[in-house]
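The values are calculated or read from the model by the stated rules, or taken from the named source; none is laboratory data. In this text the structure is predicted, and so the values were computed from the model without any measurement. Glycine also receives a Cβ, built like all others from the backbone with ideal geometry; neighbour counts cover every protein chain displayed. The protein model used for the area step is the full one, side chains on, heavy atoms only, and it has no ligands, DNA or RNA in it. Shrake-Rupley method; radii C 1.70, N 1.55, O 1.52, S 1.80 Å.
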Amino acid sequence: MLPGMDKFLITGGKPLQGTVRIAGAKNATLPVMAATLLSPGVSEIHDVPDLRDVRKMKDILTILGAKIESGPSWCRVDASHITSSQVPERLMREMRSSVFIMGALLGRQGAVKLSYPGGCAIGPRPIDLHLKGLASLGARISERHGYIIAEAKKLQGSDIHLDFPSVGATENIMMAAVLADGVTVIRNAAKEPEVVDLQNFLNKMGARIRGAGTDTIKIEGVSTLGSASHNVIPDRIEAGTFMVAAAMTGGDVYLENVIAEHNEPVTAKLREAGAFVEPVGDKVHVWAKGRLTAVDVKTLPYPGYPTDMQPQTMAMLSGAAGTSVIIENIFANRFKHVDELRRMGAQISIEGRAAVIRGVERLSGAAVEASDLRAGVALVLAGLVAEGQTVVDHIYHIDRGYEGLEHKLAALGAQVQRLQK
Ligand code: UD1
C-alpha cells in the first residue's frame, strides 16, 4: 500500500505555550522489539510510540512467527515459535531499522535472509560495519540476487573494533553476541542512550552485558534468555524538536517525560542562542523572549550534537540574528531541507558538509515538501514562525517518527491542520 499523501497546513506566528508529553523513543523501541526475537519467552514493552516504523516492525515480527498483542503505548511479543528466517523485501525497503533483525535472528536461529534495508533518503547508509561485526562472530555472509544471507551454527565471541561508532552496528552486534559462545568486546562502540536502553532490556532477559554508554561494551554469552518487561526511554529527538520549537517561536513550554541529560547538547546550544532551558525533575522548561542569536553547530556521535536535530536547528537559525555555520559530520547528504527552507525565504549556502545560514528577519509561508523524517519536521517548525501559511507535503515521512505531531502542536496553541487526501 502506498503511504498516504497527507499534508500539514500551518499558519505561522503563534508562540508555543503549555505542556507537552514526550513519547517513548522510536530509536530505542525498534531495536528492543527486534531483540524480543532472541528469547522464546514473552516480552512486554511499555511507552511504545504509535508510529509507522513501529507498526512495520510489528509486521516483520509477525511474519517471522511471533505473536503480538498491543494496546495504547504497550506491546507484548510472544516469540516462542519463530517460523521463518526471511523478511520480505517490501518490508525491508520500507524501513531501515529492519536491519536489526539480522543480529537477533542469527543469534536465535543461526540463519537469516534479508534484502538491503531502506529508510530515510539522507545519503548512503551502508551496512558494512554490521556485516563485518557479524562475520567476526563467525557468521558466513553471502550476497545473492539482492539478498544478504548470514548463517552460523553457533556464533563465537570476538573482539570487534568498529571503524566508526555506528549506532545500528553496535546494537546489531550486541544482539548477535548475547547468545554466542564466550565473550565479545565491541570497541569504539556507539554511546547513544538508545544503546544503553537496549543493554538494559537484554540484561532483564538474562543477558550479561556491561559498558553500554561508554566506548567499550563487553558481552558474556549466555545459553538462553527469558521473558522481560521494559519501559523504553523518552524520545530525546522528539524532546529536542519541541525544545527548539518553543525557543524559536518565543514560546514557554514544559516538556514532560524527558531525561534532561540526554538533551544536554541541544540545551547548551539553545542557551547559547539566548533561550532559557531549565530541567525540573523529569520535566524541562524552555522559554525565549525576542529574537534568538546565531550559533555554530557541529553534528557528532553522542554526546555530541545529534544529526537528527540538525534540520530543526537549521530552521531555527534561519530566523536568528547573525550568521550561523552548521557542519554535518555524520551523514553525507543531509541537507535536503535546505532548498525547501530557501523557498520560505531562508538564506543558506552549502559548501560540502557546511551550511552557512544568514538569519532573516522573518521566514515567509510557502508550499514545501518533506524529503525525510527530520527534514520534514524542520519545515513544520519553519512554518510555525513564518508569515502566512505553509503547506508541508509528503508528511508520511514525519509520521514515521512523530506521534500525533499536529495534535501536540495544536495543544500548545499552534495552528496546524492535517489535510487528508
Ligand atoms: C541511527 C538512528 C538515526 C540517527 C543515526 C545517527 C536508529 C533506528 N536510527 O541510525 O536516527 O540519525 O543513528 O545518530 O537508531 N555507517 C557505515 N557503515 C555501517 C553503518 C553506518 O558507514 O555499516 C555510517 C553511516 O553511513 C553514517 C554513520 O555511519 O554516515 C552513522 O550511522 P549509524 O550510527 O549507523 O546510524 P544508524 O544506526 O543507521
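Within segment 19-42, is even one residue in the same structural domain as GLY319 (by TED's automatic domain parsing) and over 30 Å from LEU198 (Cα atoms)?
Checked segment 19-42: no residue is in the same structural domain as GLY319 (by TED's automatic domain parsing) and over 30 Å from LEU198 (Cα atoms).
For a quick check of your reading: which strands (runs of 3 or more DSSP E) sit entirely within segment 122-228 and have at least 1 residues that are more than 21 Å from TYR302 (Cα to Cα) and among the basic types (Lys, Arg)? Write out each step before concluding.
Working: elements: 140-144, 147-151, 159-161, 183-187, 208-210, 216-220.
By residue number, 140-144, 208-210.
What's the total number of residues in segment 400-413 that are under 17 Å from ARG52 (Cα atoms), in a helix (DSSP H, G or I) and open to solvent by 40 Å² or more (accessible area, probe 1.4 Å)?
Here the count works out to 1.
Please work out which residue is nearest to the ligand (Cβ to nearest atom), limiting yourself to segment 191-216 and to residues that are of a type in the set (Asp, Glu) and within 14 Å of ALA35 (Cβ to Cβ).
Let us first name the residues in segment 191-216 that are of a type in the set (Asp, Glu), namely 192, 194, 197, 215.
After this cut, where a residue has to be within 14 Å of ALA35 (Cβ to Cβ) as well, the list is 194, 197.
Working: GLU194: 6, ASP197: 11 Å.
Ranking the qualifying residues of segment 191-216, first place goes to GLU194.
Could you tell me whether any residue of segment 10-19 is surrounded by fewer than 24 Cβ atoms within 10 Å (Cβ to Cβ), in contact (Cβ under 8 Å) with a residue 12 or more places away in the chain, within 15 Å of the ligand (Cβ to nearest atom) and not hydroxyl-bearing (Ser, Thr, Tyr)?
Kept after step one, since they are surrounded by fewer than 24 Cβ atoms within 10 Å (Cβ to Cβ), are these residues of segment 10-19: 11-15, 17-19.
With in contact (Cβ under 8 Å) with a residue 12 or more places away in the chain added as a condition, the list becomes 11-15, 17-19.
From what's left, within 15 Å of the ligand (Cβ to nearest atom): none.
Within segment 10-19, none of the residues are surrounded by fewer than 24 Cβ atoms within 10 Å (Cβ to Cβ), in contact (Cβ under 8 Å) with a residue 12 or more places away in the chain, within 15 Å of the ligand (Cβ to nearest atom) and not hydroxyl-bearing (Ser, Thr, Tyr).
Could you look through segment 274-303, keep only residues that are in a strand (DSSP E or B) and within 15 Å of the ligand (Cβ to nearest atom), and pick out the one that is most open to solvent (accessible area, probe 1.4 Å)?
Of segment 274-303, the ones in a strand (DSSP E or B) are 276-280, 283-287, 293, 297-299.
Those still in the list that are within 15 Å of the ligand (Cβ to nearest atom) too: 297-299.
On the way: VAL297: 4, LYS298: 124, THR299: 0 Å².
Out of the qualifying residues, it is LYS298.
Go over the candidates ASP53, ASP78 one by one and state the one that is charged (D, E, K, R) and at pLDDT below 95. First the steps, then the outcome.
Values: ASP78 fails: at pLDDT below 95.
Testing whether each residue is charged (D, E, K, R) and at pLDDT below 95 leaves just ASP53.
Out of segment 165-190, which residues are hydrophobic (A, V, I, L, M, F, W, C), away from the ligand (no atom under 12 Å from the Cβ) and open to solvent by 10 Å² or more (accessible area, probe 1.4 Å)? Break it down into steps so the answer makes sense when it comes.
Initially, segment 165-190 is screened for residues hydrophobic (A, V, I, L, M, F, W, C), giving 167, 169, 173-180, 183, 185-186, 189-190.
Restricting the remaining residues to those that are away from the ligand (no atom under 12 Å from the Cβ) gives 174-180, 183, 185-186.
LEU179, VAL183, VAL185, listed by residue number.
At pLDDT below 95 and of a type in the set (Ser, Thr, Tyr): does that describe SER371? Lay out the reasoning, then the answer.
Numbers: at pLDDT below 95: yes; of a type in the set (Ser, Thr, Tyr): yes.
Yes, satisfied.
Got at least one residue in segment 361-368 being of a type in the set (D, E, K, R), under 12 Å from GLY12 (Cβ atoms), in a loop (DSSP other than H, G, I, E, B) and in contact (Cβ under 8 Å) with a residue 40 or more places away in the chain?
The answer is yes, given that some residue of segment 361-368 is of a type in the set (D, E, K, R), under 12 Å from GLY12 (Cβ atoms), in a loop (DSSP other than H, G, I, E, B) and in contact (Cβ under 8 Å) with a residue 40 or more places away in the chain.
Scan segment 151-164 residue by residue and report those that are away from the ligand (no atom under 16 Å from the Cβ) and either closer than 16 Å to SER223 by Cβ or under 22 Å from the mean Cα position of the chain (by Cα) (or both). Show your work before the answer.
Step one: filter segment 151-164 for residues away from the ligand (no atom under 16 Å from the Cβ), giving 151-159.
Within segment 151-164, ALA152, LYS153, LYS154, LEU155, GLN156, GLY157 meet the criteria.
Quick check on my filter: what residues within segment 94-110 are within 15 Å of the ligand (Cβ to nearest atom) and either open to solvent by 10 Å² or more (accessible area, probe 1.4 Å) or of a type in the set (A, V, I, L, M, F, W, C) (or both)? Outline the logic, then answer.
As a first pass, look at segment 94-110 and keep what is within 15 Å of the ligand (Cβ to nearest atom): 94-104.
Residues satisfying the conditions are GLU94, MET95, ARG96, SER97, VAL99, PHE100, ILE101, MET102, ALA104.
Criterion first (away from the ligand (no atom under 14 Å from the Cβ), crowded, with 22+ Cβ neighbours inside 10 Å and not hydrophobic (A, V, I, L, M, F, W, C)) does GLY251 satisfy it? It would help to see each step written out before you state the result.
Working: away from the ligand (no atom under 14 Å from the Cβ): yes; crowded, with 22+ Cβ neighbours inside 10 Å: yes; not hydrophobic (A, V, I, L, M, F, W, C): yes.
So GLY251 fits the description; yes.
Give LYS132, LYS113 a once-over and let me know the one that is open to solvent by 60 Å² or more (accessible area, probe 1.4 Å), assigned by TED's automatic domain parsing to the domain that holds ARG208, within 13 Å of the ligand (Cβ to nearest atom) and more than 18 Å from ALA207 (Cβ to Cβ). Before you say what the answer is, go through the steps one by one.
Details: LYS113 fails: within 13 Å of the ligand (Cβ to nearest atom).
Of the residues listed, the single one that is open to solvent by 60 Å² or more (accessible area, probe 1.4 Å), assigned by TED's automatic domain parsing to the domain that holds ARG208, within 13 Å of the ligand (Cβ to nearest atom) and more than 18 Å from ALA207 (Cβ to Cβ) is LYS132.
Residue by residue through segment 322-331, note down the ones that are in a loop (DSSP other than H, G, I, E, B) and either within 16 Å of the ligand (Cβ to nearest atom) or outside the structural domain of GLY345 (by TED's automatic domain parsing) (or both).
Start the filter on segment 322-331 by keeping residues that are in a loop (DSSP other than H, G, I, E, B), which leaves 322, 328-331.
Correct list: GLU328, ASN329, ILE330, PHE331.
Given the criterion buried (at least 22 other Cβ atoms within 10 Å of the Cβ) and either farther than 30 Å from PRO301 by Cβ or touching a Lys or Arg at 6+ places or on another chain (Cβ under 7 Å) (or both), identify the matching residue among GLU328, GLU361, GLU387. Talk me through it step by step, then tell me what you get.
Values: GLU361 fails: buried (at least 22 other Cβ atoms within 10 Å of the Cβ); GLU387 fails: buried (at least 22 other Cβ atoms within 10 Å of the Cβ).
Going through GLU328, GLU361, GLU387 in turn, the sole match is GLU328.
Under 6 Å by Cβ, and 6 or more places apart or on different chains, what pairs join a residue from segment 27-44 that is open to solvent by 10 Å² or more (accessible area, probe 1.4 Å) with one that is of a type outside the set (Ser, Thr, Tyr)?
ASN27/GLU194; GLY41/GLY226; VAL42/ASP78; GLU44/ARG76
Within segment 304-321, identify whether any single residue is open to solvent by less than 10 Å² (accessible area, probe 1.4 Å), in a loop (DSSP other than H, G, I, E, B), in the same structural domain as GLY12 (by TED's automatic domain parsing) and within 16 Å of the ligand (Cβ to nearest atom), and answer yes or no.
No.
Taking segment 81-93 only, how many residues are modelled with pLDDT of 85 or more and open to solvent by 20 Å² or more (accessible area, probe 1.4 Å)? Outline the logic, then answer.
Start the filter on segment 81-93 by keeping residues that are modelled with pLDDT of 85 or more, which leaves 81-87.
From the residues that got through so far, the ones that are open to solvent by 20 Å² or more (accessible area, probe 1.4 Å) too are 81-86.
Number satisfying all stated conditions: 6.
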